[in-house]
Amino acid sequence: MARPAYRRLVATTASALFLAACAPTPPPPQEPESDHVTHDELLPPGAQVDSPGEDPGETAEDPDWPGSLRPVNEPAEELVPDIHKRGRIIVGVDQSQYLLSFRDNATGELKGFEVDLAREIARDIFGDPEKVDFRFIDSTMRTEAIVSGQVDIVVRTMSITKKRLDAIDFSAPYLDSSVRMLVPTASGIQSTGDITDERICVADGSNVVDMARRTFPNQEILRTRTWTDCLMAMQQFQTGAILGDETILAGAAAQDPLTTVTGEAVANQQYSVGIPKGYDGLTRQVNSTLERIRRDGTWDAMFNRWLNPHIAARTAPSPVYRPDEPETRAVEGDQP
């Protein structure tokens, strides 16, 4: 009579061993969490963090720009015959810089100061401000988009630098902007001297990257694909301050009321339209539009509509033209 009991014992033991073998391995003890949490695992796609002391790629010297080409009293079909014949101008812009160039979520329409400027350029070429083909380009690809012929011009917060001058031409300036910081209002940061261990964020491809490396040699620099990604990184506690143009930061502050643009100006910038190297007819055509909107009040209306509620009032920048010999003022319209 012992065999049935033995079988039950063996079966019970085997079942226990089987269950023990199937039980999950207990997790290892967790390390205590650090008091300093940066949430780096949530960095925006394509973002990179530079260690302190990274060497600036370009010096802070003036680019020694002789100025742009003066407008001439010639019709668009002679200055830019290829663009005029095509029936539209292809313009590189952003679609996420609130106030400057952004997609309205409610209507899907592209809006902003730089979008209006592109349409004014089209108005003077075709008599129709809607004859624009907008192409969205990253900050790092602005010069390449012009050189490769993807766009006719770029209207995307481009300042004039030595490196860019080697590859493309520029119009006269169309907007002045200072370089400041955007910080969480609760941080109490008011100037660069208040920065301690905060990481600084900038958009890659901007000349502000080198400004950040010179201004904050002891800080990590977070480089993101767009300024919107910088704002997202700040909201995720991955950066303590954004260094950028006040015109761009004003748009970010308007989207996030818990942030503040500091009063201290680190540098001053001017934006110009990027144009293919040697396409003098197009440069003169764009400068003709800039002259018109400065004189007829269009520039003031654009500024008041988009930027005046958010940054200090200003006027259109004075044109900067190079000495122009009379015999050189006849312009070939075809792009080289």
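The values are calculated or read from the model by the stated rules, or taken from the named source; none is laboratory data. For clarity, every value in this text was computed on a predicted model and none was experimentally measured. Every residue, glycine among them, receives a Cβ derived from its backbone with ideal geometry; neighbour counts consider all protein chains shown.
Counting only residues that are of a type in the set (S, T, N, Q) and part of a helix (DSSP H, G or I), which one in segment 280-314 is surrounded by the most Cβ atoms within 10 Å (Cβ to Cβ)? My answer is Gln285.
Checking the stated criteria, Phe113 turns out not to satisfy the condition of being within 27 Å of Thr315 (Cα to Cα), touching a strand residue (DSSP E or B) at 6+ places or on another chain (Cβ under 6 Å), aromatic (Phe, Trp, Tyr) and in contact (Cβ under 8 Å) with a residue 12 or more places away in the chain.
Checked against the criterion of being closer than 21 Å to Leu100 by Cβ and of a type in the set (Lys, Arg), segment 192-213 has no qualifying residue.
Taking the criterion of being in contact with an Asp or Glu (Cβ under 9 Å, 6 or more places away or on another chain), surrounded by fewer than 17 Cβ atoms within 10 Å (Cβ to Cβ) and not acidic (Asp, Glu), the only residue of segment 68-82 that qualifies is Pro81. The set of residues from segment 186-207 being closer than 14 Å to Asp50 by Cα and either surrounded by 22 or more Cβ atoms within 10 Å (Cβ to Cβ) or among the polar types (S, T, N, Q) (or both) comprises Arg199, Ile200, Cys201, Val202, Ala203. Taking the listed residues Ile248, Ile242, the one that is outside any loop (DSSP other than H, G, I, E, B) and in contact with a Ser or Thr (Cβ under 7 Å, 6 or more places away or on another chain) is Ile248, with no other qualifying.
Might you let me know whether segment 60-76 holds any residue that is of a type in the set (Ser, Thr, Tyr) and within 18 Å of Pro276 (Cα to Cα)? The answer is yes; a qualifying residue exists. Just one of the listed residues (Arg135, Arg180) is in a strand (DSSP E or B) and touching a Gly at 6+ places or on another chain (Cβ under 6 Å), and it is Arg135.
Residues checked against (1) at pLDDT 95 or above; (2) touching a Pro at 6+ places or on another chain (Cβ under 6 Å); (3) loosely packed, with under 13 Cβ neighbours inside 10 Å:
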| position | (1), (2), (3) |
| --- | --- |
| Gly57 | no, no, yes |
| His84 | yes, no, no |
| Val91 | yes, no, no |
| Ser101 | yes, no, no |
| Thr107 | no, no, yes |
| Leu117 | yes, no, no |
| Arg123 | yes, yes, no |
| Thr143 | yes, no, no |
